[in-house]
Amino acid sequence: MEENVKTTAAGRVPAVRMEGITKSFGSKKANVNVDLNIYHGEILSLLGENGSGKTTLMNMLSGIYFPDSGSIFVDGRPVSIKSPKDAFDLHIGMIHQHFKLVNVLTAAENVILGLKEGFVLNLKKVRTEVKKICDRYGFDVDPDKKVYDMSVSEKQTLEIIKVLYRGADILILDEPTAVLTPQETTRLFEVMRNMKKDGKSIVIITHKLHEVMEISDRVAVLRKGEYVGDIMTADTDPQELTDMMMGRAVTLNIERSEPKNIRKCLEVRHLSVIDADGVKKLDDVSFDANGGELLGIAGISGSGQKELLEVIAGLQPAVGGSSVVYTDMDGKTSTLLGRTPMEIKKLGVHLAFVPEDRLGMGLVGNMDIADNMLLRTYQDGGGVFVDMKKSRKLAEEIVQEFDVVTPGITTEVRKLSGGNVQKILVGREIAGNPSLLMSAYAVRGLDINTSYTIYRLMNEQKQRGAAVIYVGEDLDVLLELCDRILVLCAGRVSGIVDGRTVTKEDVGLMMTRLPEAEEAK
């Protein structure tokens, strides 16, 4: 594949040139002798499977890490970037997946936070500058709005404005569309094109190949920490890019089987949840999940997806009048509300849950891979001793099937990349052959090959008769994978639609707008 890669932009002076960049963490090499050019007025997509070193490479450009060896040039001159301040002084800014904003401050206050603005804080001047940036690139931000009142899209917009206010000409966006609706993604892409026209250099780290094809001018690919090559987006396609990432041919088809032997597995009625602050997270949610069917759940981040799965799993209480009833293969029913996960298990309910919080709720970071396998099975034996051979065997199988990048099964989970942590969690939950499988963002941060492996495994669980509930953020995948899709908007059910016939645009609208009858309540 490497022989066919077209090296681009010959003769142009790059905005950034990274030469021979190498970075190690202990015995693990994250980047090995990487060369990368970033040009003025282009949108560059940086692709690679989990553990390929994409974010590490960009963290060195933004001053979070310092390379072990290699050189960085900005506009042709050598530079040393030892901190984010050094990066900002060189007009380089990075927008991370997890926003770095202070919730109780306004947009304008967040913009100037940490900057030396003199002895007197001139918020009027900041507002004026923010408005200029918004008008120039097409942003829509209220400078006086508190962050805690903002949508995810508004927070991301504010992060971009922050780096532009600091004078960034080179912007790095890490998974920028991960939690955006199709409409919000379209608006973001319009802004990115406006910045490109203004001569800005933009790098996006993403796993969504259809977005790579839509927005980028050029694609650079890393594999196992090494630079594979770059290619003009117009000269390639998703299949070729996937083959470059993996080093071999990979099939990009989600095989959605037709539901067979449908049976009611889970009946949720009038489910409402109020958090510790008195905020209603779910409001009168009702639906059925059927065995032999894959039910998708779509919604803007924070629409109640997390609370919905946690209530069913026995991890969070619901208010009075709510009902969650499970029906097993023999028709026996069990009420799940008000029971702990252990009590649910003792009822004979084979429930598996892949939570959104991988290390906080799913796995124990200070335990190794093998020991984390025991978290679901240590009470299954009748004696006082646990079966370590069984847990080690399962750990080895998951590492092999999911291609987990790890020195071995005795490695502490916290030392692995986020994508590899997710592989271990998903593998452990599916290994139990559950009758009800619930997953929250199971492929978040995973490379394309592992993502498709998980889609295949979920389809296999469906085919064996399990009820599968899949909370996802990629609408293209939801429409390809799911039989039905439950759409949440502000904690309410906006609709339940057929995954085979509904359009992405329709789902996107449902995510942001309740039916008129619901809005009138």
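The values are calculated or read from the model by the stated rules, or taken from the named source; none is laboratory data. These numbers were taken from a predicted model, which means no experiment stands behind them. All Cβ positions, glycine included, derive from the backbone under ideal geometry; neighbour counts span all protein chains shown.
See the values below:
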item: Hits in segment 332-357 (condition: assigned to a loop (DSSP other than H, G, I, E, B), buried (at least 16 other Cβ atoms within 10 Å of the Cβ) and in contact with a Gly (Cβ under 6 Å, 6 or more places away or on another chain)); result: Arg339, Pro355
item: Residue satisfying condition, being modelled with pLDDT under 80 and surrounded by fewer than 14 Cβ atoms within 10 Å (Cβ to Cβ), within set Gly418, Gly360, Gly408; result: Gly360
item: Evaluation of Leu113 against (1) free of Cβ contacts under 8 Å to residues at least 24 places away in the same chain; (2) surrounded by 15 or more Cβ atoms within 10 Å (Cβ to Cβ) (one fails), failing number; result: (2)
item: First in segment 54-67 and more than 15 Å from Leu44 (Cβ to Cβ), second anywhere and among the charged types (D, E, K, R) and surrounded by 21 or more Cβ atoms within 10 Å (Cβ to Cβ), Cβ under 6 Å, 6 or more apart; result: Thr56/Lys23; Pro67/Lys23
item: Test: residue in segment 87-98 that is in a helix (DSSP H, G or I), in contact with a Lys or Arg (Cβ under 6 Å, 6 or more places away or on another chain) and under 28 Å from Thr206 (Cα atoms); result: yes
item: Condition broken by Gln97, with the remaining ones in (1) within 30 Å of Ile448 (Cα to Cα); (2) free of Cβ contacts under 8 Å to residues at least 40 places away in the same chain satisfied; result: (2)
item: Those residues of segment 15-63 which are closer than 15 Å to Val219 by Cβ, touching a helix residue (DSSP H, G or I) at 6+ places or on another chain (Cβ under 8 Å) and outside any strand (DSSP E or B), in sequence order; result: Glu42, Gly48, Glu49, Ser52
item: Selection count where residues are in contact (Cβ under 8 Å) with a residue 60 or more places away in the chain and surrounded by fewer than 20 Cβ atoms within 10 Å (Cβ to Cβ), scope segment 456-472; result: 4
item: Odd one out for Ile160 among (1) among the aliphatic types (A, V, I, L, M); (2) assigned to a helix (DSSP H, G or I); (3) in contact with a helix residue (DSSP H, G or I) (Cβ under 7 Å, 6 or more places away or on another chain); result: (3)
item: Conditions (1) assigned by TED's automatic domain parsing to the domain that holds Val191; (2) assigned to a loop (DSSP other than H, G, I, E, B): number failed by Gly70; result: (2)
item: Exclusive hit being acidic (Asp, Glu) and in contact with a strand residue (DSSP E or B) (Cβ under 7 Å, 6 or more places away or on another chain), set Glu480, Glu460, Glu505, Glu412; result: Glu412
item: Only listed residue being closer than 23 Å to His40 by Cβ, of a type in the set (A, V, I, L, M, F, W, C) and in contact with a Phe, Trp or Tyr (Cβ under 8 Å, 6 or more places away or on another chain), chosen from Leu188, Leu173, Leu164; result: Leu164
item: Pair list, Cβ < 6 Å and 6+ apart or interchain, from segment 70-89 residues that are aliphatic (A, V, I, L, M) to residues that are in a helix (DSSP H, G or I); result: Ile81/Ala87
item: In segment 409-446, the residues that are assigned to a loop (DSSP other than H, G, I, E, B), among the hydroxyl-bearing types (Ser, Thr, Tyr) and closer than 18 Å to Gln463 by Cβ; result: Ser435
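Yes/no per residue for (1) in contact with an Asp or Glu (Cβ under 9 Å, 6 or more places away or on another chain); (2) under 30 Å from Ser435 (Cα atoms); (3) of a type in the set (D, E, K, R):
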{"position": "Pro182", "(1), (2), (3)": "yes, no, no"}
{"position": "Leu188", "(1), (2), (3)": "no, no, no"}
{"position": "Met213", "(1), (2), (3)": "yes, no, no"}
{"position": "Ser216", "(1), (2), (3)": "yes, no, no"}
{"position": "Arg223", "(1), (2), (3)": "yes, no, yes"}
{"position": "Pro238", "(1), (2), (3)": "no, no, no"}
{"position": "Asp243", "(1), (2), (3)": "no, no, yes"}
